[in-house]
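Colleague: Would you mind keeping the following structure in view while I ask a few things?
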Amino acid sequence: MDAPNPAPHAPATATDRAHGHGVAYALIAVFVGALAFGGWGLWRVFAPVQGDPRALLRTQQARIGELEQRVATLARSDQISRDANRDLQGTLAERDEEIAGLRSDVAFYERFVGSTAQRRGLNVHELHLQRQTGQAWHFTATLTQNLNRGAINRGGLTLSLEGSRNGRMQKLDWTQLRQQPSPPALEYSFKYFQQVEGDILIPPGLQPVRLVARLQPQGGAVVEQSFTWAEATARPGQGGP
């Protein structure tokens, strides 16, 4: 017996088509909503919203870097200012010292050549010693005269030293101070004043007490003047004859 033929499908109605479209729209809406929600979540995660600790951290790090740069710049400026101020103070000190020296020179010239200056013959106005290396000392003797104005004074200068060693007084002459055989006197030649310089050697263990400057002019009497060791070694402006 032949099987009966299946019944044919009924044609789709308008209602059925509308229902299918609604389902599709619903699925699309759900998909779009999911995408929107995911995008919102990503934006919440990575967007620099107010109160985000990571954004605040980046901001603070940038601020710290800016402040550190400003501090470094200010520190350099301060160091430059300090260096400039130190150089200025040194320059001012040098100028003050130079002015003091010039004032001293002016006072010396006024006393020496002024209208009220006391007339004096050949003499050692000042004797100053400065220590060098070892037992060596450098001396500067200022020789003056204003009695015979215009006359040339020529001659030689020598020194001798009195000191104490082991409680006994000793005297060293020019030869011993120079430690040379028959050393010549230091020559001078001037009208009003001149500085004569030289070096002497003081033996170790000797305690200097007094220096004697001896001037031997050409055709005149010997002039001797003594200076205590403290006077001769005092810094300029801190005492002297």
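Colleague: Taking region 161-185, which residues are modelled with pLDDT of 95 or more, of a type in the set (A, V, I, L, M) and open to solvent by 40 Å² or more (accessible area, probe 1.4 Å)?
Modeller: Matches in region 161-185: A185 only.
Colleague: A232: touching a residue at least 40 places away in the same chain (Cβ under 8 Å) and touching an Asp or Glu at 6+ places or on another chain (Cβ under 8 Å), yes or no?
Modeller: Values: touching a residue at least 40 places away in the same chain (Cβ under 8 Å): yes; touching an Asp or Glu at 6+ places or on another chain (Cβ under 8 Å): no.
Against the criterion (touching a residue at least 40 places away in the same chain (Cβ under 8 Å) and touching an Asp or Glu at 6+ places or on another chain (Cβ under 8 Å)), A232 does not qualify.
Colleague: Quick check on region 186-208: of everything there that is within 27 Å of G121 (Cβ to Cβ) and out of contact with any Leu (no Cβ under 6 Å at 6 or more places or on another chain), which residue is least open to solvent (accessible area, probe 1.4 Å)? Give the steps one after another, and end with the answer.
Modeller: Filtering region 186-208 for residues within 27 Å of G121 (Cβ to Cβ) gives 186-198, 200.
Still in the running and out of contact with any Leu (no Cβ under 6 Å at 6 or more places or on another chain): 187, 189-193, 195, 197.
Working: E187: 153, S189: 60, F190: 11, K191: 97, Y192: 79, F193: 90, Q195: 113, E197: 102 Å².
Looking at the filtered set, the residue picked out is F190.
Colleague: So which of T158, T233 is hydroxyl-bearing (S, T, Y), open to solvent by 20 Å² or more (accessible area, probe 1.4 Å), modelled with pLDDT under 95 and under 27 Å from G121 (Cα atoms)?
Modeller: Answer to the check: T233.
Colleague: Tally time: how many residues in region 168-210 are part of a loop (DSSP other than H, G, I, E, B) and more than 22 Å from E231 (Cα to Cα)? First the steps, then the outcome.
Modeller: In the first step, residues of region 168-210 are kept if they are part of a loop (DSSP other than H, G, I, E, B); the result is 173, 179-185, 191-192, 202-206.
When the remaining residues are screened for being more than 22 Å from E231 (Cα to Cα), the result is 179-185, 191-192.
Of the residues in that region, 9 qualify.
Colleague: Another one. Within the bounds of region 173-180, is there any residue that is polar (S, T, N, Q) and within 15 Å of V212 (Cα to Cα)? Let's see the steps before the verdict.
Modeller: Keep residues of region 173-180 that are polar (S, T, N, Q), which gives 175-176, 179-180.
Restricting the remaining residues to those that are within 15 Å of V212 (Cα to Cα) gives 175-176.
Yes: one or more hits.
Colleague: Just give me the residues in region 136-150 being open to solvent by 30 Å² or more (accessible area, probe 1.4 Å) and modelled with pLDDT under 90, in sequence order.
Modeller: Those that are open to solvent by 30 Å² or more (accessible area, probe 1.4 Å) and modelled with pLDDT under 90: L147, N148, R149, G150.
Colleague: Here's something else I'd like to know. For region 120-148, which positions are assigned to a loop (DSSP other than H, G, I, E, B) and either aliphatic (A, V, I, L, M) or out of contact with any Lys or Arg (no Cβ under 8 Å at 6 or more places or on another chain) (or both)?
Modeller: Taking region 120-148 and keeping what is assigned to a loop (DSSP other than H, G, I, E, B), we get 120-122, 132-135, 145-148.
Those that are assigned to a loop (DSSP other than H, G, I, E, B) and either aliphatic (A, V, I, L, M) or out of contact with any Lys or Arg (no Cβ under 8 Å at 6 or more places or on another chain) (or both): R120, G121, L122, Q132, T133, G134, Q135, L147, N148.
Colleague: Okay, moving on. Pairs, please: C-beta under 9 Å, at least 6 apart or cross-chain, first residue of a type in the set (G, A, S) and in region 172-195, second part of a loop (DSSP other than H, G, I, E, B)?
Modeller: Cβ pairs passing all conditions: S189/I152.
Colleague: Test A117 against the stated conditions and say whether it is surrounded by 12 or more Cβ atoms within 10 Å (Cβ to Cβ), modelled with pLDDT under 95 and in contact with a Lys or Arg (Cβ under 7 Å, 6 or more places away or on another chain).
Modeller: Details: surrounded by 12 or more Cβ atoms within 10 Å (Cβ to Cβ): yes; modelled with pLDDT under 95: yes; in contact with a Lys or Arg (Cβ under 7 Å, 6 or more places away or on another chain): yes.
Yes.
The values are calculated or read from the model by the stated rules, or taken from the named source; none is laboratory data. Just so we're clear, the structure is a prediction, and the values are computed from it rather than from any experiment. So basically every Cβ, Gly included, is an ideal-geometry build from the backbone, and we count neighbours across all protein chains shown. Heads up: the accessible areas ignore ligands, DNA and RNA and are worked out on the full protein's heavy atoms, side chains in. Shrake-Rupley method; radii C 1.70, N 1.55, O 1.52, S 1.80 Å.
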